[in-house]
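K.L.:
What follows is a single structure, and I will ask about it in a moment.
Please treat every number below as a calculation from the coordinates, not as lab data. Treat the numbers as computed from the prediction; the structure is a model and nothing was measured. Here Cβ is always computed from backbone atoms with ideal geometry, including for glycine, and neighbour counts include all displayed protein chains.
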Amino acid sequence: MTKEEVEQEIRNVRRQLVRSMNGVVAHRMLQSGVSYKKNYGVDIPRLYQLSTSLPHDEHLAMALWNLSIRETMLLALMIYPIDKFSELEFREWIKQVPTYEVAEVGAQILFSRVPYAMEQISLLLEGDNFEVVCGFLVAAKLLSTLSDECASQFKKIALEQLNNSILFNAILVFFRCLVQQKKHLCDDILEKLDKQKDTFPRVNLLYEEVKTQLKYS
């Protein structure tokens, strides 16, 4: 796309977002600690619908991402052509992920689908909080194809980071998938969770869920 075409699409997106905005939802997100540079409160299904009418073009996706608005960042993830998303952009975008919501959508539809994802996820464990969040979510998505060594590395880090509230939801997702797909790596998890569940109350939720899944899987 030309610069002029990108600018025209950006104007179109802004109009669509204003028409779909929900101030109540945006306010609730802010009250719950979810902070963006700007947030129109547009729900995810509506954004998916909007993304189908946009060109799936890397220049437009980059321009949307760089606006740092909740909805434009999510749309950027939805329209970036997977075969054009370079390893450099993979690392840069993940460093810029501002919330769990963006990490979750990115892991589902872009970060886990690039051909080099397997090579990159272990490196994410060395990053800041939301880089690690992306690492756990991408690892969960790719768990069936991960080596036991790599999955065990993520398990070890997860058990060490249970007191980190930013990482906890991603760790929960990872453990759900680990129990379902690599049960043979889970023998020691309950014992280690049991030791921490009284110190960190939210760990009790994880303990009970893993216990139930191990019992019935």
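K.L.:
Straight-line reach from residue 183: which aspartates and glutamates have Cα under 20 Å away, leaving out those fewer than 8 places along the same chain?
P.N.:
Within the straight-line cut-off, residue 183 pairs with 148, 149, 160, 191, 194, 208, 209.
K.L.:
Among the lysines, which have Cα under 21 Å from the Cα of residue 95 when same-chain residues fewer than 8 positions away are ignored?
P.N.:
In chain and number order, the partners are 37, 38, 84, 141.
K.L.:
The list (1) 1.00; (2) 1.10; (3) 1.33 gives values of Cα Rg over 2.2 N^0.38 Å, and only one came from this structure; which label was calculated from it?
P.N.:
Among (1) 1.00; (2) 1.10; (3) 1.33, the one derived from this structure is (2).
K.L.:
Rounded to the nearest 10 degrees, what's the angle between the helix 148-160 long axis and the longest principal axis of the chain, both from Cα atoms, 0 to 90?
P.N.:
Once rounded, one gets 90 degrees.
K.L.:
Another question about this same structure. Using Cα atoms only, what is the angle between the long axis of helix 165-181 and the major principal axis of the chain, expressed in degrees (0 to 90) to the nearest 10?
P.N.:
Value to nearest ten degrees: 70.
K.L.:
Using the Cα centre of the chain as the reference point, and only Cβ charges (+1 on K/R, -1 on D/E), how large is the resulting charge dipole? Debye, rounded to the nearest 20. Intermediate results must be reported in sequence, preceding the final value.
P.N.:
On the way: 26 positive and 28 negative charges, 153 e Å.
I would put it at about 740 debye.
K.L.:
Using the charge dipole of the chain (Lys, Arg: +1 at Cβ; Asp, Glu: -1 at Cβ; taken about the Cα centre), state which of 56, 100, 26 has its Cα farthest towards the positive end.
P.N.:
26
K.L.:
Further question: Suppose each label sits 7 Å from its Cα in the direction of the beta carbon; what would the residue 191-residue 163 distance come out to in nanometres?
P.N.:
2.2
K.L.:
Below 13 angstrom from the Cβ of residue 84, what's the summed charge of the other residues (Lys, Arg +1; Asp, Glu -1)?
P.N.:
Working: positive: 113; negative: 57, 58, 83, 87, 89.
Taking every other residue near residue 84 into account, the sum is -4.
K.L.:
Let me ask something additional. State the answer as a single residue: which of 2, 35, 13 lies farthest towards the positive end of the charge dipole of region 1-112, with beta carbon charges of +1 for Lys and Arg and -1 for Asp and Glu, about the Cα centre.
P.N.:
35
K.L.:
Here is a follow-up. Residues with beta-carbon under 12 Å from that of residue 18, excluding residue 18: net charge, scoring Lys, Arg +1 and Asp, Glu -1?
P.N.:
Working: positive: 11, 14, 15, 19, 38; negative: 71.
Combined, the nearby Lys, Arg, Asp and Glu give +4.
K.L.:
Now, a different point. Consider a paramagnetic label point 7 Å from the Cα of residue 95 along Cα→Cβ; state which residues of region 129-156 have an amide N under 17 Å from it.
P.N.:
Within reach of a label on residue 95, which here means backbone N under 17 Å from a point 7 Å along Cα→Cβ, region 129-156 contributes 129-135.
K.L.:
Using alpha-carbon positions, what is the distance between the centroids of region 135-212 and region 2-80, in Å?
P.N.:
One Cα centre to the other: 32 Å.
K.L.:
If the chain between residue 113 and residue 30 were fully stretched, how many nm would it gain, using 0.36 nm times the residue separation less the Cα-Cα distance? Write out the running numbers ahead of the final one.
P.N.:
Working: separation 83, 0.36 × 83 = 29.88 nm, distance 3.03 nm.
Additional length available on full extension: 26.8 nm.
K.L.:
First select every other residue whose beta carbon is under 9 angstrom from the beta carbon of residue 120; then total the charges, Lys and Arg +1, Asp and Glu -1.
P.N.:
Working: positive: 91; negative: 87, 119.
Around residue 120, the surrounding residues sum to -1.
K.L.:
Relative to the longest principal axis of the chain, what angle (0 to 90°, nearest 10) does the C-alpha long axis of helix 87-96 take?
P.N.:
The helix 87-96 is inclined about 80 degrees to the chain.
K.L.:
Quick one: dipole size for region 1-84, taken about the Cα centre, charges +1 on Lys/Arg Cβ and -1 on Asp/Glu Cβ, in debye to the nearest 20.
P.N.:
On the way: 11 positive and 9 negative charges, 98 e Å.
Dipole size: approximately 460 debye.
K.L.:
Name all residues of region 72-92 having a backbone nitrogen under 20 Å from the label point set 7 Å from the Cα of residue 49 along its Cα→Cβ direction, giving them as ranges.
P.N.:
Within reach of a label on residue 49: 72-79.
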